[in-house]
1. Looking at the stretch 12-34, which of the residues that are among the aliphatic types (A, V, I, L, M) and at pLDDT 80 or above is surrounded by the most Cβ atoms within 10 Å (Cβ to Cβ)?
2. For the stretch 1-11, state whether one or more residues are at pLDDT 80 or above, aromatic (F, W, Y) and surrounded by 10 or more Cβ atoms within 10 Å (Cβ to Cβ).
3. Pairs needed: first member in the stretch 116-141, within 12 Å of W171 (Cα to Cα) and touching a residue at least 60 places away in the same chain (Cβ under 8 Å); second member anywhere, assigned to a helix (DSSP H, G or I) and among the small types (G, A, S); C-beta distance under 7 Å; at least 6 residues apart or different chains.
4. From (1) under 30 Å from K90 (Cα atoms); (2) in a helix (DSSP H, G or I); (3) touching a helix residue (DSSP H, G or I) at 6+ places or on another chain (Cβ under 8 Å), pick out the condition that doesn't hold for L120.
5. Which pairs turn up if I take residues in the stretch 80-103 that are assigned by TED's automatic domain parsing to the domain that holds R64 and part of a helix (DSSP H, G or I) and look for partners that are crowded, with 18+ Cβ neighbours inside 10 Å and among the aromatic types (F, W, Y) with beta carbon separation below 7 Å, at least 6 apart in sequence or on another chain?
6. Specify which of the listed residues (H49, H68) is more than 30 Å from W171 (Cα to Cα), modelled with pLDDT under 85 and either aromatic (F, W, Y) or assigned by TED's automatic domain parsing to the domain that holds T135 (or both).
7. Is at least one residue of the stretch 125-136 modelled with pLDDT of 85 or more, within 23 Å of the chain's Cα centre (by Cα) and not in a loop (DSSP other than H, G, I, E, B)?
Amino acid sequence: MPYRAEKPKLAPSSDELRARVPGWGADLDPKDRPAVPRERFDPGASGAHWDFPDRQEEKWPRERSLEHEFLTPVFGTSTPPKGLSGVMRKYSYARYSEGRAAHWLILLAADRVDAIESHLRSFLSLHPDNPVTETGIRSELTHHGISSRIGKKRADLSHLWIDPIIVAGPWVIAGWVVLSALRARGDSRHLISR
């Protein structure tokens, strides 16, 4: 059982392992291992005053991997799941094991959805996102961005060609959608006035 102070019991004995696994037990002699003093199990020396640590209070139902019997005693609370991205994260933990690619792909997609939700929320605030300053485009032009790459052996040169597409692409697409919607609205008003 994880999260216990006592050392777990090993299932097979040394003799069984030595018979089954070739070369098993080559380092059993303490003289052959330089880390022996650190391997000594002494619960009194660890400073642990508990058999099982105190559990952190849950303020909302937390995501927990299917592999774990219960939630770890201490967990992060900085970003509670919210919106569609939160639903996606909860679904990923409830449906798929951490060993499945679907689990991690859904979590990656949830991060992208969370970024889009944050951009949309910024438009509702008094300080919307500024793609020119927040993406570093201005500093590329004013602080020798291009000349620092030419003739250098930088690792980011391999994806330099796609960076403008990734950074500016969503903003260009969003602008095109808004412009198309305004044009369609303008055409419908023009048709209604006739």
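The values are calculated or read from the model by the stated rules, or taken from the named source; none is laboratory data. Keep in mind that this is a model prediction, so the values were computed, not measured. Here the Cβ positions follow ideal geometry from the backbone for every residue, glycine too, while neighbour counts run over all protein chains shown.
1. L17
2. no
3. none
4. (3)
5. That search, which allows pairs on different chains as well, returns A102/Y96; H103/Y96.
6. Checking each option against the conditions leaves just H68.
7. Scanning the stretch 125-136 turns up no residue that is modelled with pLDDT of 85 or more, within 23 Å of the chain's Cα centre (by Cα) and not in a loop (DSSP other than H, G, I, E, B).
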